[in-house]
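Please read the structure below before turning to the comments.
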Amino acid sequence: MHEDAAELGVSPPSEEPRATTSIDDIIRMVKTLIEKGHAYAAANGDVYYDVSSFATYGQLSGKHLEDLRAGERVAVDPHKNDPLDFVLWKAAKPEEPSWDSPWGKGRPGWHIECSAMSTCCLGNHFDIHGGGQDLQFPHHENEIAQSEGATGEKFVNLWMHNGFVRINDEKMSKSLGNFFTVREILKLYKGEEIRYFVLASHYRSPLNYSDQLLDAARASLTRLYNALRGLDVPSTALVEDEAEAKFNKAMEDDFNTPEAIAVLFDLAGQVNRLREENMELALQKAGLLKRLANVLGLLEADPEAYLQAGAGDNDDVEQIESLIQQRLDARASKNWAEADRIRDQLHAMNIELEDKDGKTSWRRC
RNA sequence: GGCCGAGUAGCAAAGCGGUUAUGCACUGGAUUGCAAAUCCAUGUAGGUCGGUUCGACUCCGGCCUCGGCCUCCA
């Protein structure tokens, strides 16, 4: 998993706590919740959270307790005071791993694990908590109730719930048989292409996967790299530019990456136009383009290297360059038929040529 | 059934009560030996039915469709 994440340009986490090594913290939090009147131990050895003790329960997901009770569809556990109460500590079952606790042997409930571990690693109050949209209720709702109930402090400032990946507008799932992994896609597409594909729609929206969309991502990225190609891009670029303000505004608006990417294309167009008439300014804009794209983890590669790299192996570079030289010779003697034949041959190898200023560059397509 | 969220041109995807989103694809032109890349110009939208407004893709309501959650597990 870490390898695949790295391929997509995802930074590794600084801490990865495990529930099984956080049992003491979990027990401590459950005890605190009981002491503060937010939880109760039932006769069967379970400990439950008393939802009615937390006034704002349901606020995150916009739910009301009455609606939730009305929607009950399943037989209620008789040990709960209220059907909505959820388990903090579960009495041990014979075949399951268990730990000692003040309430007897048992194991933690799912929700409390996350509250205890996040509080331990990040403190009582932290800035951003993310997760899939399916976790908003009840899991995140329960985390808030637990953490704020235990600490008396605000839990997190901002919740980010991402949409699901779908395939042909169907949910990706094992039962539908349309399940595949990042690793499999990485055989066909570069990590940066997948990253672009993900960033090209808002994180809250569902993301529909298809090879056509990955191809489109590839084409878009090619345009951006083409704008930088052949330029000696300065590492320090324009301090002030309208584009930067627009980019930042988009990102500050709940990570509106599609809008931020549109700014990148505006800059790419400017660079392309300025190359002819004002190289100095073109370089400044290119530097800005690269710097802003880097914020999104894009355009970090050398353009030439990127455009010539295949998704798989590429051990045929020598052959390609030899063919290009043969074609240059043919062109020099105005043997257009031979030149075109070689270009067709390269095209069959998915190589696209570009003649410019007497030189020929190539890229994979 | 209840509660949230969404429905934008050929494909994908944003903002915005009136003025070009953006990318790919398509069309015409420039450039090129021909291409490619690039530039210029242009076409194609807002699920549906109503309402508010001088004016709605944008606000309000109904309907339709899709997604998430509403039990356990993580």
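The values are calculated or read from the model by the stated rules, or taken from the named source; none is laboratory data. Predicted model only: the values in this text are computed from it and were never measured. Positions of Cβ are backbone-derived with ideal geometry, glycine not excepted, and every protein chain shown enters the neighbour counts. With ligands, DNA and RNA removed, areas are computed over all heavy atoms of the protein, side chains included. Shrake-Rupley method; radii C 1.70, N 1.55, O 1.52, S 1.80 Å.
Kindly indicate whether any position in the stretch A:342-350 is near RNA strand B (Cβ under 9 Å from one of its atoms) and closer than 19 Å to A:ARG218 by Cβ. Yes: the stretch A:342-350 contains one or more residues that are near RNA strand B (Cβ under 9 Å from one of its atoms) and closer than 19 Å to A:ARG218 by Cβ.
Taking the criterion of being within 15 Å of RNA strand B (Cβ to nearest atom), outside any helix (DSSP H, G or I), under 34 Å from the mean Cα position of the chain (by Cα) and among the acidic types (Asp, Glu), would at least one residue in the stretch A:5-19 satisfy it? If you could, list the steps in order and put the result at the bottom.
Taking the stretch A:5-19 as the starting set, the residues that turn out to be within 15 Å of RNA strand B (Cβ to nearest atom) are A:16-19.
From what's left, outside any helix (DSSP H, G or I): A:16-18.
Still in the list and also under 34 Å from the mean Cα position of the chain (by Cα): A:16-18.
Remaining after also requiring among the acidic types (Asp, Glu): A:16.
Yes; the residues of the stretch A:5-19 include at least one that is within 15 Å of RNA strand B (Cβ to nearest atom), outside any helix (DSSP H, G or I), under 34 Å from the mean Cα position of the chain (by Cα) and among the acidic types (Asp, Glu).
Checking each residue in the stretch A:229-256 for being within 19 Å of the chain's Cα centre (by Cα) and under 21 Å from A:ARG273 (Cα atoms) picks out only A:PHE247.
Pick out the one residue from A:PHE137, A:PHE126 that is surrounded by 14 or more Cβ atoms within 10 Å (Cβ to Cβ), under 24 Å from the mean Cα position of the chain (by Cα) and more than 15 Å from RNA strand B (Cβ to nearest atom). Steps first, please.
Numbers: A:PHE137 fails: more than 15 Å from RNA strand B (Cβ to nearest atom).
Being surrounded by 14 or more Cβ atoms within 10 Å (Cβ to Cβ), under 24 Å from the mean Cα position of the chain (by Cα) and more than 15 Å from RNA strand B (Cβ to nearest atom) holds for just one of A:PHE137, A:PHE126, which is A:PHE126.
Suppose the filter is farther than 23 Å from A:VAL156 by Cβ, open to solvent by 70 Å² or more (accessible area, probe 1.4 Å) and not β-branched (Val, Ile, Thr); does A:ARG28 pass it? Break it down stepwise before answering.
Details: farther than 23 Å from A:VAL156 by Cβ: no; open to solvent by 70 Å² or more (accessible area, probe 1.4 Å): yes; not β-branched (Val, Ile, Thr): yes.
Spelling it out, it is not the case that A:ARG28 is farther than 23 Å from A:VAL156 by Cβ, open to solvent by 70 Å² or more (accessible area, probe 1.4 Å) and not β-branched (Val, Ile, Thr).
Just to be sure, is A:TRP89 open to solvent by 20 Å² or more (accessible area, probe 1.4 Å) and hydrophobic (A, V, I, L, M, F, W, C)? Considered against the rule, which asks whether it is open to solvent by 20 Å² or more (accessible area, probe 1.4 Å) and hydrophobic (A, V, I, L, M, F, W, C), A:TRP89 comes out as no.
Among the residues here, A:ASN157 does not qualify as open to solvent by 50 Å² or more (accessible area, probe 1.4 Å) and either within 15 Å of RNA strand B (Cβ to nearest atom) or of a type in the set (Phe, Trp, Tyr) (or both).
The residue of the stretch A:315-334 that is farthest from A:LEU188 (Cα to Cα), among those that are open to solvent by less than 70 Å² (accessible area, probe 1.4 Å) and more than 9 Å from RNA strand B (Cβ to nearest atom), is A:LEU328.
Residues A:GLU113, A:GLU35, A:GLU95: which one is of a type in the set (Asp, Glu), near RNA strand B (Cβ under 9 Å from one of its atoms) and out of contact with any Gly (no Cβ under 9 Å at 6 or more places or on another chain)? I'd like the intermediate steps shown before the answer.
Working: A:GLU35 fails: near RNA strand B (Cβ under 9 Å from one of its atoms); A:GLU95 fails: near RNA strand B (Cβ under 9 Å from one of its atoms).
Result: A:GLU113 is the single residue among A:GLU113, A:GLU35, A:GLU95 that is of a type in the set (Asp, Glu), near RNA strand B (Cβ under 9 Å from one of its atoms) and out of contact with any Gly (no Cβ under 9 Å at 6 or more places or on another chain).
Hey, which of the strands (runs of 3 or more DSSP E) in the stretch A:38-136, taking only ones fully inside, have at least 2 residues that are touching a residue at least 12 places away in the same chain (Cβ under 8 Å) and closer than 25 Å to A:PHE255 by Cβ? If you could, list the steps in order and put the result at the bottom.
Values: elements: A:39-41, A:47-49, A:86-91, A:106-108, A:126-132.
Qualifying strands (runs of 3 or more DSSP E): A:126-132.
Answer yes or no: is there a residue in the stretch A:76-84 that is farther than 23 Å from A:THR56 by Cβ and at pLDDT 85 or above. The answer is yes, given that some residue of the stretch A:76-84 is farther than 23 Å from A:THR56 by Cβ and at pLDDT 85 or above.
All of (1) surrounded by 14 or more Cβ atoms within 10 Å (Cβ to Cβ); (2) of a type in the set (A, V, I, L, M, F, W, C); (3) more than 21 Å from A:MET1 (Cβ to Cβ) hold for A:LEU186 with one exception: (3). Please indicate, with yes or no, whether at least one residue in the stretch A:324-331 is out of contact with any strand residue (DSSP E or B) (no Cβ under 9 Å at 6 or more places or on another chain), of a type in the set (Gly, Ala, Ser) and at pLDDT 90 or above. Yes, some residue in the stretch A:324-331 is out of contact with any strand residue (DSSP E or B) (no Cβ under 9 Å at 6 or more places or on another chain), of a type in the set (Gly, Ala, Ser) and at pLDDT 90 or above. Number of residues in the stretch A:351-365 that are near RNA strand B (Cβ under 7 Å from one of its atoms), open to solvent by 30 Å² or more (accessible area, probe 1.4 Å) and at pLDDT 90 or above equals 3.
Assess whether A:ILE144 counts as being more than 23 Å from A:GLY297 (Cβ to Cβ) and of a type outside the set (Lys, Arg). Yes, satisfied.
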